[in-house]
Every structure is written in C-alpha cells, then in structure tokens.
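S.K.: Next up is a structure, given as structure tokens.
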Amino acid sequence: MENKKNDNIRCSVSQCRHNLVSENYCTLDCISVGTHEDDPTVPECTDCNSFVKRGDCCN
Ligand code: SF4
C-alpha cells in the first residue's frame with residue numbers, strides 16, 4: 001500500500017501516484033532527485049525521478 005505519509009518529503013504533485021493528495025506529501029520512503037540541465041541554477045532545473053504518472057484506475 002502506498003498511503004503512508006512521509007513527513008520528511010513534502011510534495012504537491014498530485015498527478016504522481018506516490019503523492020498522498022489529501023495532504024501535500026510523498027508516500028515513498030525515499031525519492032531520487034536529479035536534473036535535466038548541464039549546470040542547474042534554479043529549482044526548476046531539478047526533477048523528481050521517482051515520479052510515476054497516476055493512472056486512470058487502480059490507484
Ligand atoms: S515520487 Fe516525487 S513527484 Fe511523486 S509524490 Fe513523491 S516526491 Fe512527489
């Protein structure tokens with residue numbers, strides 16, 4: 001089950017299947033963060049690589 005709030009990872013990406021949605025938190029024990037830039041300078045340069053798009057059913 002992926003419904004346990006991780007108090008250490010705040011996240012507002014409700015489109016991700018790992019998001020708690022009822023609160024702005026992730027439910028994973030840990031996440032992987034990376035970048036799509038050669039030389040990241042602002043938060044927008046970073047990505048949560050643990051993101052999985054929420055499906056239309058079953059989650
Ligand atoms: S996996 Fe990443 S994008 Fe998805 S809820 Fe957790 S922190 Fe947010």
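The values are calculated or read from the model by the stated rules, or taken from the named source; none is laboratory data. These numbers come from a predicted model, not from an experiment. Virtual Cβ from ideal backbone geometry, glycine too; neighbours counted across all protein chains shown. The protein model used for the area step is the full one, side chains on, heavy atoms only, and it has no ligands, DNA or RNA in it. Shrake-Rupley method; radii C 1.70, N 1.55, O 1.52, S 1.80 Å.
Conditions (1) assigned to a loop (DSSP other than H, G, I, E, B); (2) open to solvent by 100 Å² or more (accessible area, probe 1.4 Å); (3) out of contact with any helix residue (DSSP H, G or I) (no Cβ under 9 Å at 6 or more places or on another chain); (4) not basic (Lys, Arg), marked per residue:
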| position | (1), (2), (3), (4) |
| --- | --- |
| 5 | yes, no, yes, no |
| 8 | yes, yes, yes, yes |
| 14 | yes, no, yes, yes |
| 23 | yes, no, yes, yes |
| 29 | yes, yes, yes, yes |
| 34 | no, no, yes, yes |
| 39 | yes, yes, no, yes |
| 44 | no, yes, yes, yes |
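S.K.: On to the next question. Just to verify a result, which residue in the range 46-56, among those that are within 10 Å of the ligand (Cβ to nearest atom) and part of a loop (DSSP other than H, G, I, E, B), is surrounded by the fewest Cβ atoms within 10 Å (Cβ to Cβ)?
M.R.: Here the residue is 49.
S.K.: If a residue has to be touching a strand residue (DSSP E or B) at 6+ places or on another chain (Cβ under 7 Å) and not hydroxyl-bearing (Ser, Thr, Tyr) to count, how many in the range 21-45 make the cut?
M.R.: Final tally of qualifying residues: 8.
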